[in-house]
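Trainee: Below is one structure. I have some questions about it.
The values are calculated or read from the model by the stated rules, or taken from the named source; none is laboratory data. Just so it is clear, the model here is predicted, and its values are computed rather than measured. We place every Cβ from the backbone using ideal geometry, glycine too, and count neighbours over all the protein chains shown. Side chains included, ligands, DNA and RNA excluded: accessible areas come from the protein's heavy atoms. Shrake-Rupley method; radii C 1.70, N 1.55, O 1.52, S 1.80 Å.
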Amino acid sequence: MKPLAGITILDLSRVLACPFASMVLAELGAEVIKVEQPGSGDETRGFEPFAEGPQGERVSGYYMACNRSKRSITVNMRHAEGRAIIRGLAAQADVLVENFPPGTLKRRELDWPSLREVNPRLVFLSCTGFGQSGPYAKRKGYDTVFQAMGGLMSLTGERGGGPVKPGLPVADLTSGLWVAIAILSALRGRDATGQGGFVDFSMLDGQVALLTIAAARLFALGEVPPRLGTEHPGRVPTASFRCADGRFLHITCSDQHWLPLCKALGLEALAADAGLATNAGRLARRAEVMQALDAAMARLTRAEAVAALDAVDVPNGPVLALDEVVADPHVQARGMVHRFAHPALGEFPALRVPFRFEGWDDPAVARPPLLGEHTEEVLAQRLGYDAVRIAALREEGAI
């Protein structure tokens, strides 16, 4: 049995942050019923990149990356019968998660006060860009907006250069993790009180909460951290270095690693300099230390540098491209790349949830649903609708 077996999540969300959260919970055992718009579905069904099947079918890789292991139903929430379906399913659910602009579900009488009346044990999580309150509550935003306003871009980029966004939609993905944490916390609270509740999550709040050690620097020293590329503002040497073959190796060095690092790279003069024995001394002479390491690493191939540093237990790691990551023997040995069977694509790879349990079944990778694939099944099983009623709802445009 998986840890979340028996939990039902009604997922009204679209795009990335919340679908990513509900996928994690689905692969941990929750039953996730994804509600999609008839005809079009989640917007990401139309997002690149597309995988092509043998008959020319095109399936969004974006959608598949964050909607595995769910059941899909189509419901038109603008239709009275569609809203009745949502209320009926919410009455049986443990969790409802949505990411509509503030006020959208209130206008349809599907907001927390309305659904609490039919299910006081419901955990209702609303994920919005800026939250339900505050001067920005009605503003719209995307991942990069929250990276910018949340401070992440100001910290990312080369020394002296402009702000840079990371290569992944960090605000969306970390918001998904915050959402999963909030849902699990609210369910634990419900276990204790017997009552559900409303969770207001702001993606901007989520980014601000991640500032942690950068904010600590501001709070402790009054210093706004500069952009330093791959260097660390408080530890020297910690950075990525170009090797003789053009590849990059990242090194993280603490005081206990300093002398072994110097030995491995033939930096005897630095090793003998008592002023560099501590991180404080190396911070004060950052440019000198980094120049010496740049020169030393440029004489070695990446493989030679890895072998030399591993021999003296200095933490290091090659900067890998994505194809190198998924082929890495350790990543493979940990089972991080699985495959699912898709009806249009056949076997297709996926990245698994990174947990291993003892005492429960581990998360398993299942395929993402086809649009509306489970509509009839869910309406029949959960709401008792018969085939005639379901056909009529489809004819009316409610599903």
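Trainee: May I ask you to give the solvent-accessible area per residue for the chain, in square angstrom, as obtained with a 1.4 angstrom probe? Numbers along the way, then the final one.
Mentor: On the way: 19700 Å² over 399 residues.
About 49 Å² of surface per residue is accessible.
Trainee: Using the Cα atoms of region 20-177, I'd like the radius of gyration and the largest Cα-Cα distance, Dmax, both in angstrom.
Mentor: When restricted to the Cα atoms of region 20-177, Rg and Dmax are 18.2, 58 Å.
Trainee: Please grab the % of Cα pairs in region 66-130 that end up more than 13 Å from each other.
Mentor: Values: 1362 of 2080 pairs.
Everything past 13 Å amounts to 65 percent.
Trainee: How much length is gained if the chain between ARG242 and VAL208 is pulled fully straight, taking 0.36 nm per residue apart and subtracting their Cα-Cα distance, in nm to one decimal? Mind showing how you got there, number by number?
Mentor: On the way: separation 34, 0.36 × 34 = 12.24 nm, distance 3.25 nm.
9.0 nm is the gain from fully extending ARG242 to VAL208.
Trainee: Which distance in nm do the two modelled labels at THR230 and ALA284 give, with both placed 7 Å along the Cα-to-Cβ direction?
Mentor: 2.9 nm
Trainee: Suppose we take every Cα in the chain and form the convex hull; what volume per residue is that in Å³?
Mentor: Values: hull volume 73.4 nm³, N = 399.
In the chain, the Cα hull volume divided by residue count equals 184 Å³.
Trainee: Explain nothing, just the number: dipole magnitude of the chain about its Cα centre with +1 on each Lys and Arg Cβ and -1 on each Asp and Glu Cβ, in debye rounded to the nearest 20. Please report the intermediate quantities before stating the final value.
Mentor: Numbers: 42 positive and 45 negative charges, 169 e Å.
Dipole magnitude for the chain comes out near 820 debye.
Trainee: Given region 105-260 reduced to its alpha-carbon atoms as identical point scatterers, what log10 I(q)/I(0) does the Debye formula return at q = 0.16, 0.17 Å⁻¹?
Mentor: -1.01, -1.08
Trainee: What does a probe at GLU304 reach in region 245-283, counting residues whose amide N is under 12 Å from the point 7 Å along Cα→Cβ?
Mentor: Within reach of a label on GLU304, which here means backbone N under 12 Å from a point 7 Å along Cα→Cβ, region 245-283 contributes 245-246, 265-266.
Trainee: Still on this structure, I have one more. What does the extension gain come out to for LEU177 and GLU57, with contour length at 0.36 nm per residue minus their alpha carbon separation?
Mentor: Working: separation 120, 0.36 × 120 = 43.20 nm, distance 3.17 nm.
Contour length minus the Cα-Cα distance gives 40.0 nm.
Trainee: Treating cross-link reach as a plain straight distance, find the lysines whose alpha-carbon is under 28 Å from the alpha-carbon of LYS138, omitting any fewer than eight places away in the same chain.
Mentor: Those lysines meeting the cut-off are LYS34, LYS106, LYS165.
Trainee: Loop-only check: which chymotrypsin sites (Phe, Trp or Tyr not before Pro) in region 90-196 are DSSP coil with at most 11 other Cβ within 10 angstrom?
Mentor: Values: sites: PHE124, PHE130, TYR136, TYR142, PHE146, TRP178; in loops: PHE130, TYR136, TYR142.
Counting only loop positions with at most 11 other Cβ atoms within 10 Å, none of the chymotrypsin sites (Phe, Trp or Tyr not before Pro) in region 90-196 qualifies.
Trainee: I would also like to ask the following. Would you mind putting 89-96, 288-295, 321-328 in packing order, based on average other-beta-carbon counts within 10 Å, highest first?
Mentor: Working: 89-96: 21.4, 288-295: 15.8, 321-328: 11.2.
Peptide ranking by packing, descending: 89-96, 288-295, 321-328.
Trainee: Less than 18 Å apart at the alpha-carbon level, and either on another chain or at least 8 residues along: which aspartates and glutamates does that give for LYS263?
Mentor: Output for LYS263: ASP255, ASP273, GLU288, ASP294, GLU304, ASP310, ASP313.
Trainee: Another question, then. What is the calculated FRET efficiency for LEU218 to LEU322, with r their C-beta to C-beta distance and R₀ = 41 Å, to the nearest 0.05? Write down the numbers at each step before the final one.
Mentor: Details: r = 33 Å, r/R0 = 0.82.
Approximately 0.75, to the nearest 0.05.
Trainee: Select from region 10-62 those chymotrypsin sites (Phe, Trp or Tyr not before Pro) which occupy a DSSP coil region and have at most 15 other Cβ atoms within 10 Å, ordered by residue number. Please report the intermediate quantities before stating the final value.
Mentor: On the way: sites: PHE20, PHE47, PHE50, TYR62; in loops: PHE47.
For chymotrypsin sites (Phe, Trp or Tyr not before Pro) across region 10-62 that sit outside H, G, I, E and B with at most 15 neighbouring Cβ atoms in 10 Å, the list reads PHE47.
Trainee: Could you work out how far helix 387-396 tilts from the main Cα principal axis of the chain, as a 0 to 90 degree angle to the nearest 10?
Mentor: Roughly 70 degrees, rounded to the nearest 10.
Trainee: If you count the DSSP beta bridges with both ends in the chain, what percent of them are antiparallel, to the nearest 5? Numbers along the way, then the final one.
Mentor: Values: 18 of 39 bridges.
If I count the DSSP bridges inside the chain, around 45 percent turn out antiparallel.
Trainee: Okay, next question. Relative contact order for the chain: what percent, with Cα pairs under 8 Å and sequence separation of 6 or more?
Mentor: Values: 699 pairs, mean separation 76.3, N = 399.
Relative contact order here is 19 percent.
Trainee: Once you place label points 7 Å from the Cα toward the Cβ at ASP191 and TRP360, how far apart are they in nm?
Mentor: 0.9 nm
Trainee: If you take the beta carbon distance between LYS165 and VAL337 as r and set R0 to 22 Å, what does 1/(1 + (r/R0)^6) give as a FRET efficiency, to the nearest 0.05?
Mentor: Values: r = 26 Å, r/R0 = 1.18.
Efficiency for this residue pair is about 0.25.
Trainee: Right, something else. Ranked from highest to lowest mean number of other Cβ atoms within 10 Å per residue, what is the order of the peptides 208-217, 27-36, 351-360?
Mentor: Values: 208-217: 14.4, 27-36: 23.7, 351-360: 11.8.
Output ranking for 208-217, 27-36, 351-360: 27-36, 208-217, 351-360.
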